[in-house]
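Engineer: Could you have a look at this structure, given as structure tokens, before my questions?
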Amino acid sequence: MHGVSAGPHVTPGLRTVPVQRRSAARLARILDACAELLDETGYEELSTRAVATRAGVPIGSVYRFFGNKRAMADALARRNLDSYAARVERRLAAIPAADWRSAIDAVLEEYLAMKRTVPGFGPVDFGTRIPAGPPGPAPAPGADLAPEPVPDPNDRVADRLTALLAAQLGRAPDAALRRTVLVAVEAADALLQLAFRTDASGDPDIIAETRELVRAYLARTLG
């Protein structure tokens, strides 16, 4: 690697950015509780009050950081992306720079590992499973605020992977490489959704086809 860090970013959308260790630990507990409840109930049944109860914090602590459950789930998705980027970066550090196929395998394998093991990752992953829903009436006092638009998750993933792969391969992270990575991310995302609809652990044949398709597409740019 060439000095690109995939460490955590300050999460946009937080009402309050934690600066003390205790506050950061409370935020982590809230996001952990959000992840557990997403697995148990899904996004539609998720509520900020249930998250506060599960995390063992006052409801005001949740609203200190998040205006609504969508912002909370989006923060979880961003934490997932930070973790994913860090995992990919560690894998890439052990792969020779010229071996782009192994680099792409690492990108895919780390996603699959998180999909299978990380709490709350299935419903949210990097934000792709959060439904926006139609606009509704203004919320009652104390209710969740109306959701705010969030960036497209695959754009986020493409940005992080472009930086990591460019550093790994000694290339410029220019618009052409970013476009190529985005197309690969979009294609893999659609196929892996299919793989996990077919099999809760991911249909191995569809995953193998996904790997071959992405490799073949990227060969003309990275090969």
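The values are calculated or read from the model by the stated rules, or taken from the named source; none is laboratory data. As the structure is a prediction and not an experimental result, all values here were calculated from the model. Note: ideal-geometry Cβ built from the backbone for every residue, glycine included; neighbour counts use all protein chains shown. Please note that ligands, DNA and RNA were not included when accessible areas were found on the heavy atoms of the full protein model with its side chains. Shrake-Rupley method; radii C 1.70, N 1.55, O 1.52, S 1.80 Å.
Engineer: Scan ASP203, ASP189 and give me the residue that is open to solvent by less than 40 Å² (accessible area, probe 1.4 Å) and within 19 Å of the chain's Cα centre (by Cα).
Structural biologist: ASP189 is the lone residue from the list that is open to solvent by less than 40 Å² (accessible area, probe 1.4 Å) and within 19 Å of the chain's Cα centre (by Cα).
Engineer: Being in contact with a Phe, Trp or Tyr (Cβ under 8 Å, 6 or more places away or on another chain) and free of Cβ contacts under 8 Å to residues at least 24 places away in the same chain is the filter here, so list the residues in region 191-209 that pass it.
Structural biologist: ASP203
Engineer: Any idea which of (1) closer than 24 Å to ARG78 by Cβ; (2) without any contact (Cβ under 8 Å) to a residue 24 or more places away in the chain; (3) open to solvent by less than 60 Å² (accessible area, probe 1.4 Å) is the one ASP159 doesn't satisfy?
Structural biologist: Checking ASP159 against (1) closer than 24 Å to ARG78 by Cβ; (2) without any contact (Cβ under 8 Å) to a residue 24 or more places away in the chain; (3) open to solvent by less than 60 Å² (accessible area, probe 1.4 Å), the one that fails is (3).
Engineer: Within region 166-190, track down each residue that is touching a Ser or Thr at 6+ places or on another chain (Cβ under 7 Å) and free of Cβ contacts under 8 Å to residues at least 24 places away in the same chain.
Structural biologist: Once the filter is applied, which keeps residues that are touching a Ser or Thr at 6+ places or on another chain (Cβ under 7 Å) and free of Cβ contacts under 8 Å to residues at least 24 places away in the same chain, region 166-190 yields PRO173, ARG178, VAL181.
Engineer: Moving on. Might you let me know whether region 48-71 holds any residue that is open to solvent by less than 10 Å² (accessible area, probe 1.4 Å), modelled with pLDDT under 95 and among the aliphatic types (A, V, I, L, M)?
Structural biologist: no
Engineer: Filter region 168-182 down to the residues that are under 12 Å from THR221 (Cα atoms) and under 21 Å from the mean Cα position of the chain (by Cα), then identify the one that is most open to solvent (accessible area, probe 1.4 Å).
Structural biologist: ARG179
Engineer: How many of the residues making up region 173-214 are assigned to a helix (DSSP H, G or I) and over 15 Å from LEU161 (Cβ atoms)?
Structural biologist: The number of residues fulfilling the criteria is 18.
Engineer: Tally the residues that are open to solvent by 50 Å² or more (accessible area, probe 1.4 Å) and assigned to a helix (DSSP H, G or I), restricting the search to region 107-126.
Structural biologist: Residues that pass the stated criteria total 3.
Engineer: While we're on this one: Could you go through region 90-106 and let me know if any residue there is under 30 Å from TYR217 (Cα atoms), open to solvent by less than 20 Å² (accessible area, probe 1.4 Å) and of a type outside the set (A, V, I, L, M, F, W, C).
Structural biologist: Looking through region 90-106, none of the residues is under 30 Å from TYR217 (Cα atoms), open to solvent by less than 20 Å² (accessible area, probe 1.4 Å) and of a type outside the set (A, V, I, L, M, F, W, C).
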